[in-house]
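Novice: Next up is a structure, given as structure tokens.
The values are calculated or read from the model by the stated rules, or taken from the named source; none is laboratory data. Quick caveat, the model's predicted, so the values are computed rather than measured. Cβ: placed from backbone, ideal geometry, glycine included. Neighbour counts: every protein chain shown.
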Amino acid sequence: MYENYQNPLIERYASEEMLNQFSPMKKFSTWRKLWIALAEAEKELGLNITDEQIAEMKANIYNINFERAAAFEKEVRHDVMAHVHTFGEQCPKAMPIIHLGATSAYVGDNTDLIVMKEALQITLKKLAILIDKLGKFAEETKAIPTLGFTHYQPAQLTTVGKRATLWLMDLVMDYEDIVVLIGQMKMRGAKGTTGTQASYMSLFDNDHDKVAKLDKMVAQKMGFADTLAVTGQTYTRKIDAKVLGVLTGVATTLHKMTNDLRLLQSLKEIEEPFEKKQIGSSAMAYKRNPMRSERISSLCKYVLSLGLSPQMVAATQWFERTLDDSANKRLAIPESFLAIDACLDIANNVTTGLVVYEKVIEKHVLAELPFMATENIIMGAVKKGGDRQVLHEAIRVHSMEAGRMVKELGLENDLLERIVNDLTFNLSSEDISTLLNPADYIGRSPEQVDSFIEQHVSPIRAAHEKELGMNISLKV
């Protein structure tokens, strides 16, 4: 095995749950379930199919001879017919009615839709777990003042928890997008070779009602409420584009979140979990690299790049169908799901043990707070008889000079000392200290966190109550 390429998504990153979703066993056992659903529906609508034939097929759903199928495919150069013959050898009584009236897209496309819907449900579950964990972090840190940044320059204060709700807001939007898309997922159904159902019209002696019922019955047997109203040979590849659209949405969110975490770890304010024996660098033993956040960012970039593939496929399909979708779909769709699955597992692992260094955060806040407190200082001086315009100019000059001392000479911020020593302000050190409580500069941050959790996180928690709290073990 070590002489050939190994896919890192399989070897290192994706969970067994998602890997199983895109496994050969899942694919081809679903093909067999679809052939059984078709046979059952055709029998119920009057075709000469026996219970014995259906029972024979049901007994062999998972008894798949992959070597035999591969040998057939090498001979006939057609994957569906290879599996028809393989299934038929195991079900000799049912062989005459397997795939009756169907085209390859009946099993291929319907299986793809089933697998994608179930993979979206797995993704939704893991997204809910992440939202819950990050929500707890936001609640725990909602009142810790921290520097806000715009343009990566210190701005007004926010809180650690309020910043976490910015990540949460995007995650909730991704969650809602996936919920909507799952609700829109329909089966291709039994549509025939070019989507006209002509083969089924022949089977049912041009009985339109029976053919229409067949289409719906197959979907319902496979757990879908409905089928697409019309198709060509395949379902519209717009669906693949929409599916990867929501996955790239998750990738965008996680990339932004982990970029923020990497910057915060560089500032030594927040740190992702670091294992007891973890090595940060082969050369620099003191380092604690944000390697899990970096891995998420790396995989998210890959998902974002894959997001273009299904759009190009959908845009370049000819009429009822061309086959230049097939090879692309086999790569872009599974690998997008596997990569996002890995990202969500890693993100769940990271958020389980985020470390907040409050003293470092406080140090950074106090270093910048004098600049942020200038408006309050002006108001305090005005109350003592000062001229607002004169005070504004004085504080502007002092701020520029204090900033220059910090940047050019590496000195501490002495703005407050300058103000105390300037008689224009008529303020004592005690007067100013009352204006420098960081909690007075965080606005409604704690209340915003509480409101956000109640309105947006709590409903998701309620919908996934049995799944929350899952601890994620990473492969590497």
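Novice: Does any residue of the range 229-237 turn out to be among the basic types (Lys, Arg), in contact (Cβ under 8 Å) with a residue 40 or more places away in the chain and not in a loop (DSSP other than H, G, I, E, B)?
Specialist: No; the residues of the range 229-237 include none that is among the basic types (Lys, Arg), in contact (Cβ under 8 Å) with a residue 40 or more places away in the chain and not in a loop (DSSP other than H, G, I, E, B).
Novice: When you scan the range 137-148, do you find a residue that is of a type in the set (A, V, I, L, M), surrounded by fewer than 22 Cβ atoms within 10 Å (Cβ to Cβ) and without any contact (Cβ under 8 Å) to a residue 60 or more places away in the chain, even just one?
Specialist: Taking every residue of the range 137-148 in turn, none turns out to be of a type in the set (A, V, I, L, M), surrounded by fewer than 22 Cβ atoms within 10 Å (Cβ to Cβ) and without any contact (Cβ under 8 Å) to a residue 60 or more places away in the chain.
Novice: Please enumerate the residues belonging to the range 268-290 that are modelled with pLDDT of 90 or more and either of a type in the set (Asp, Glu) or surrounded by 15 or more Cβ atoms within 10 Å (Cβ to Cβ) (or both).
Specialist: Answer for the range 268-290, where residues must be modelled with pLDDT of 90 or more and either of a type in the set (Asp, Glu) or surrounded by 15 or more Cβ atoms within 10 Å (Cβ to Cβ) (or both): 269, 270, 271, 272, 290.
Novice: Oh, and also: Regarding residue 68, is this residue surrounded by 13 or more Cβ atoms within 10 Å (Cβ to Cβ), basic (Lys, Arg) and either modelled with pLDDT under 95 or more than 23 Å from residue 112 (Cβ to Cβ) (or both)? Quick ask: steps written out before the conclusion?
Specialist: On the way: surrounded by 13 or more Cβ atoms within 10 Å (Cβ to Cβ): yes; basic (Lys, Arg): yes; either modelled with pLDDT under 95 or more than 23 Å from residue 112 (Cβ to Cβ) (or both): yes.
Criteria met by residue 68.
Novice: To continue, here is another question. Show me the helices (runs of 4 or more DSSP H) entirely contained within the range 419-476 in which 3 or more residues are more than 36 Å from the chain's Cα centre (by Cα).
Specialist: Those helices (runs of 4 or more DSSP H) span 429-433.
Novice: Going by the conditions given, is residue 368 outside any loop (DSSP other than H, G, I, E, B), within 23 Å of residue 156 (Cα to Cα), of a type outside the set (A, V, I, L, M) and without any contact (Cβ under 8 Å) to a residue 40 or more places away in the chain?
Specialist: Details: outside any loop (DSSP other than H, G, I, E, B): yes; within 23 Å of residue 156 (Cα to Cα): yes; of a type outside the set (A, V, I, L, M): yes; without any contact (Cβ under 8 Å) to a residue 40 or more places away in the chain: no.
Considered against the rule, which asks whether it is outside any loop (DSSP other than H, G, I, E, B), within 23 Å of residue 156 (Cα to Cα), of a type outside the set (A, V, I, L, M) and without any contact (Cβ under 8 Å) to a residue 40 or more places away in the chain, residue 368 comes out as no.
Novice: Suppose we filter the range 296-341 for residues that are in contact with a Gly (Cβ under 9 Å, 6 or more places away or on another chain) and not in a helix (DSSP H, G or I); how many remain?
Specialist: Total meeting the criteria: 5.
Novice: Right, here's the next one. Quick one: in the range 42-69, of everything that is under 37 Å from the mean Cα position of the chain (by Cα) and among the aliphatic types (A, V, I, L, M), which residue is nearest to residue 213 (Cα to Cα)?
Specialist: 61
Novice: Additional query: Against the definition (part of a helix (DSSP H, G or I) and either within 31 Å of the chain's Cα centre (by Cα) or under 30 Å from residue 208 (Cβ atoms) (or both)), how does residue 86 come out, yes or no? First the steps, then the outcome.
Specialist: Details: part of a helix (DSSP H, G or I): yes; either within 31 Å of the chain's Cα centre (by Cα) or under 30 Å from residue 208 (Cβ atoms) (or both): no.
Here the answer is no, as residue 86 does not meet what is asked.
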